[in-house]
Amino acid sequence: MPAGASDLYSSDLPPTVQRKTMFDLKALLGDQPAQSLDLIEEHVNPQFAKVLRIIGYDVRYVRGQAQYLYDDQGNRYIDCLAGYGTFACGRNHPVIRDALKQAMDMDLPNLPKMGAYRLSGLLARELIKVAPPGLDTVFFTNCGAMGVETAIKYARAATKRSRIVFCKKGFHGLSVGALGVNGNEEFREGFGPLGLACTAIPFNDLAALEAELAKGDVAGFIVEPIQGKGVNIPSDDYLPGVAALCKKHGTVYIDDEVQTGYGRTGKMWACQHWNVEPDIMITAKALSGGYVPVGAVLAKRSIHNAVFSSLDRCVVHSTTFGQNDLAMAAGLATLHVLREERIVENSQAVGTLLRDKLQALVPKYELLKEVRGKGLMIAVEFGPPKSMMLRAQWNMLHSIDASLFPQAILIPLLKDHHVLAQVAGHHLDVIKLIPSLVLNPQDVDHLVNAFDQVIASCSRLTGPMWEVGKRLSAQALKRTTQGAGAS
Ligand SMILES: Cc1ncc(COP(=O)(O)O)c(C=O)c1O
């Protein structure tokens with residue numbers, strides 16, 4: 001605490017409140033690396049902790065910087081998850097951190113609620129400057145799912161219709177409204193009925209969209225420009241077709257850029273690859289700078305006005321922490337860093353390099369089917385090999401569990417090459433790479449070399465496919481027998 005600050009506080013405090021202690025976070029964390037997964041297992045998410053242990057992902061990370069994580073042994077990892085796309089500018093970016101420190105040191109009048117906010121207007125103005133044309137109002141949220149809820153409400157208010165159309169395999173978050181437009185059954189199962197009038201159609205299918213919109217009752221069509229689950233890229237006529245169909249049928253075109261926004265795909269917004277202008281754009285993740293959860297929903301003024309339609313409806317949609325100063329400061333600093341450090345340009349250049357170098361491995365390995373992506377959102381897809389023995393292993397793994405094969409790649413990637421990555425969705429043979437956008441060409445070489453070596457060893461009969469099959473199927477068997485015992 002700066003000298004004098006504590007005195008200032010103390011003099012105004014009632015005698016019963018004694019502010020004399022320091023809170024020592026460093027000391028608290030002192031010996032935590034050893035225990036942290038135990039605590040998670042005990043109090044937060046036991047199943048998740050078990051999974052981490054089973055696949056050897058129980059690494060004790062103690063530090064993050066830029067595109068890297070560091071463990072308690074001093075090993076450096078290339079983080080290809082980047083907090084699910086949150087650390088676009090890199091972890092613990094000094095400029096963003098400094099902006100937050102400045103905000104804290106200013107004793108800002110945070111969340112006055114019934115009063116003028118100081119930072120949110122500034123961030124809204126900056127966002128609108130870089131947004132696709134026509135999006136000139138901003139609603140601040142605390143996360144992506146809340147942005148989706150917002151967009152659904154906005155579309156309904158603006159059209160006076162109720163139905164929302166969404167895409168199979170689409171992912172828009174896990175709150176109940178967002179789950180209603182989630183195209184992955186694995187997430188919906190067990191939580192229904194989800195209540196909303198929603199209809200799923202195939203992604204990249206304009207005829208299916210037209211058939212639904214022509215019914216005249218669709219408030220909004222929500223779609224990711226590139227689907228996160230699987231990294232599915234639409235054909236070039238799809239999003240322009242979506243925009244035209246939505247316009248024709250009076251449906252609100254909702255562009256979910258929660259993952260693809262802020263440079264992830266090599267342009268500020270992924271919809272800019274196809275020059276489309278959505279009616280609503282949902283953003284979150286990277287705007288936080290990786291520090292303070294925040295999202296922003298950008299909408300056309302006519303839509304915004306239909307929601308906040310009168311004085312007595314001026315807070316008809318709001319959230320307690322929306323526009324909070326630290327989130328706004330993080331957002332402003334993030335936009336500054338993206339622009340000044342030319343991070344979107346780097347995403348495009350280094351992303352292309354990574355994709356091209358990984359693509360060059362495809363002819364080398366029968367297991368490797370395709371590499372696709374834009375910017376630093378890249379999918380490495382595997383497929384059944386031709387040779388008989390290898391195919392038998394592939395089939396064996398898939399018969400145990402349709403999500404098992406990628407672990408044969410991911411486990412050695414982490415263990416032997418210090419690359420943290422994840423499968424791109426349930427039952428997919430796809431690994432998704434969404435590293436920080438400050439990845440450099442040396443990181444690219446490390447990643448390509450790591451994939452090369454791991455796929456080479458997976459192509460051997462006693463390699464990781466065999467190992468993972470043996471190890472994880474034993475675990476699966478144990479779980480089944482334990483489960484049977486319990487019931
Ligand atoms: C496209 C998309 N929309 C919405 C969400 C939900 O965001 P959040 O997890 O911040 O609620 C996600 C999260 O991964 C996402 O990828």
Problem set entry | Flag for Ala178 being away from the ligand (no atom under 16 Å from the Cβ), assigned to a helix (DSSP H, G or I) and either buried (at least 19 other Cβ atoms within 10 Å of the Cβ) or modelled with pLDDT under 95 (or both) | no
For this session: Sort out which residues of segment 155-175 are away from the ligand (no atom under 15 Å from the Cβ) and surrounded by fewer than 16 Cβ atoms within 10 Å (Cβ to Cβ), and write them in order of number.
Result: Lys160, Ser162
Exercise. Can you spot a residue in segment 13-20 that is β-branched (Val, Ile, Thr), part of a loop (DSSP other than H, G, I, E, B) and either away from the ligand (no atom under 16 Å from the Cβ) or not assigned by TED's automatic domain parsing to the domain that holds Ile434 (or both)?
Worked result: yes
Problem set entry | Filter result (touching a strand residue (DSSP E or B) at 6+ places or on another chain (Cβ under 6 Å), in a loop (DSSP other than H, G, I, E, B) and either away from the ligand (no atom under 16 Å from the Cβ) or free of Cβ contacts under 8 Å to residues at least 60 places away in the same chain (or both)) within segment 100-154 | Ala131, Leu135
For this session: Scan segment 293-341 residue by residue and report those that are of a type in the set (Ser, Thr, Tyr), part of a helix (DSSP H, G or I) and within 16 Å of the ligand (Cβ to nearest atom).
Result: Thr334
For this session: Identify all residues within segment 244-265 that are more than 13 Å from Asp205 (Cα to Cα), aliphatic (A, V, I, L, M) and in contact (Cβ under 8 Å) with a residue 12 or more places away in the chain; write none if there are none.
Result: Val252, Ile254, Val258
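Per-residue answers, yes or no, for (1) farther than 17 Å from Val165 by Cβ; (2) crowded, with 24+ Cβ neighbours inside 10 Å:
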{"residue": "Asn204", "(1), (2)": "no, no"}
{"residue": "Glu224", "(1), (2)": "no, yes"}
{"residue": "Tyr262", "(1), (2)": "yes, yes"}
{"residue": "Ala270", "(1), (2)": "yes, yes"}
{"residue": "Trp274", "(1), (2)": "yes, no"}
{"residue": "Gly289", "(1), (2)": "yes, yes"}
{"residue": "Ala296", "(1), (2)": "yes, yes"}
Problem set entry | Criterion: crowded, with 16+ Cβ neighbours inside 10 Å, closer than 27 Å to Asp356 by Cβ and at pLDDT below 90 - qualifying residue of Pro412, Pro464 | Pro464
Exercise. Out of (1) in contact with a His (Cβ under 7 Å, 6 or more places away or on another chain); (2) of a type in the set (D, E, K, R); (3) at pLDDT 95 or above, what's the single condition that is false for Lys169?
Worked result: (1)
For this session: All but one of (1) outside the structural domain of Ser347 (by TED's automatic domain parsing); (2) under 22 Å from the mean Cα position of the chain (by Cα) hold for Ala82, so report the exception by its number.
Result: (1)
For this session: Please verify whether segment 32-54 includes one or more residues that are farther than 29 Å from Ala333 by Cα, surrounded by 15 or more Cβ atoms within 10 Å (Cβ to Cβ), in contact (Cβ under 8 Å) with a residue 60 or more places away in the chain and not small (Gly, Ala, Ser).
Result: yes
Exercise. Among the residues of segment 348-374, how many are over 22 Å from Gln272 (Cα atoms) and polar (S, T, N, Q)?
Worked result: 1
Exercise. Of the numbered conditions (1) surrounded by 15 or more Cβ atoms within 10 Å (Cβ to Cβ); (2) more than 15 Å from Leu332 (Cβ to Cβ); (3) of a type outside the set (D, E, K, R); (4) assigned by TED's automatic domain parsing to the domain that holds Ala333, Phe140 satisfies every one except a single condition; which is it?
Worked result: (2)
Exercise. For Ala219, which of the numbered conditions (1) buried (at least 22 other Cβ atoms within 10 Å of the Cβ); (2) within 16 Å of the ligand (Cβ to nearest atom); (3) more than 18 Å from Trp269 (Cα to Cα) fails to hold?
Worked result: (2)
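The values are calculated or read from the model by the stated rules, or taken from the named source; none is laboratory data. Only a predicted model underlies this, so the values are computations on that prediction, with no experimental measurement involved. No Cβ is skipped: glycine too gets one built from the backbone with ideal geometry, and neighbour counts run over all protein chains shown.
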